[in-house]
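Chemist: Input: one structure, supplied below.
The values are calculated or read from the model by the stated rules, or taken from the named source; none is laboratory data. If you're wondering where the values come from, they're calculated on a predicted model, not measured in any experiment. Quick reminder, even Gly has a Cβ in these numbers, built from the backbone with ideal geometry, and neighbours come from all protein chains shown. Protein only, heavy atoms only, side chains kept; ligands, DNA and RNA dropped before computing areas. Shrake-Rupley method; radii C 1.70, N 1.55, O 1.52, S 1.80 Å.
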Amino acid sequence: MDNVRPAGMYTRRTALMIAGASMPLWSQSRGATRPPAKHVGHPVVHFEIGCKDRAKTERFFSELFDWRIQSNAAAGGIDTGSPQGIPGHITSLGHEPEHYTIFYVEVDDIQACLSKAVSLGGKIVVPPVKIPTGTFAWFSDLDGNTIGLLKRG
C-alpha cells in the first residue's frame, strides 16, 4: 500500500489542468481568449540550454526541432520558428554548471525579486550581472531548481 497516493495529492497531469477545463495548460494556444488581466504579470521571456560541446548541441537541437540557430562567439541564438515560442540560446560556459536548462522571467527590479525569493526560502545562485540587453540573475527555489531573472534595458 506504499504506492497509494493520499487523497488531495495531485498527479502532475492533474496539477497542469485548468480548473474546470477539459484542456491541459500545455495544449492551449497563446491566442486563447483570457479574462482581462488585473495587473501586468512577469512573463517567461527567454530560455537557455547549457552544454559542454556547443557545436554538437546546436546541431542536435537544430536537427531535432528544426530550430534556426545563429552562432556567434558567446552563444548560439535560437529562433524556434514559431510566433508562439520564446527565443533562447545555447551556451557553453567552460565551467560548472555545464549541463542545465533554465528559463528567464522578466521583472522590473531584479534585486527586489532576489530579496523576495530569499525571504521565501530561495537562494541567490548568480547575483545581478549587466549584459548588453539589460541585467540578469539566477536564484534557486525551495527544491533547488534554478530560475533566471531578466530586466531589459
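Chemist: Which number in (1) farther than 12 Å from residue 47 by Cα; (2) assigned to a strand (DSSP E or B); (3) of a type outside the set (Asp, Glu) marks the one condition that residue 148 misses?
Modeler: Every listed condition holds for residue 148 apart from (1).
Chemist: Still on this structure: Restricting to segment 80-90, what's the tally of residues that are in contact with a Lys or Arg (Cβ under 7 Å, 6 or more places away or on another chain) and β-branched (Val, Ile, Thr)?
Modeler: Of segment 80-90, the ones in contact with a Lys or Arg (Cβ under 7 Å, 6 or more places away or on another chain) are 81, 84, 90.
Then drop every residue that is not β-branched (Val, Ile, Thr), which leaves 90.
Residues meeting the conditions: 1.
Chemist: Looking at segment 124-145 only, could you name the residues that are part of a strand (DSSP E or B) and out of contact with any Phe, Trp or Tyr (no Cβ under 8 Å at 6 or more places or on another chain)? Please lay out each step first, then the result.
Modeler: Here is the first cut: in segment 124-145, the residues part of a strand (DSSP E or B) are 124-131, 134-140.
Passing the criteria: 127, 130, 131, 134, 135, 137, 138, 139, 140.
Chemist: Something else now. Take the residues in segment 137-153 that are of a type in the set (A, V, I, L, M, F, W, C) and either open to solvent by 40 Å² or more (accessible area, probe 1.4 Å) or in contact with a Ser or Thr (Cβ under 7 Å, 6 or more places away or on another chain) (or both); name whichever of them is modelled with the highest pLDDT.
Modeler: So the residue we want is 138.
Chemist: Within segment 110-123, does at least one residue satisfy the condition of being in a strand (DSSP E or B) and modelled with pLDDT of 95 or more?
Modeler: Yes: one or more hits.
Chemist: Being open to solvent by less than 70 Å² (accessible area, probe 1.4 Å) and at pLDDT below 90 is the requirement here; does residue 41 meet it?
Modeler: Yes: the conditions hold for residue 41.
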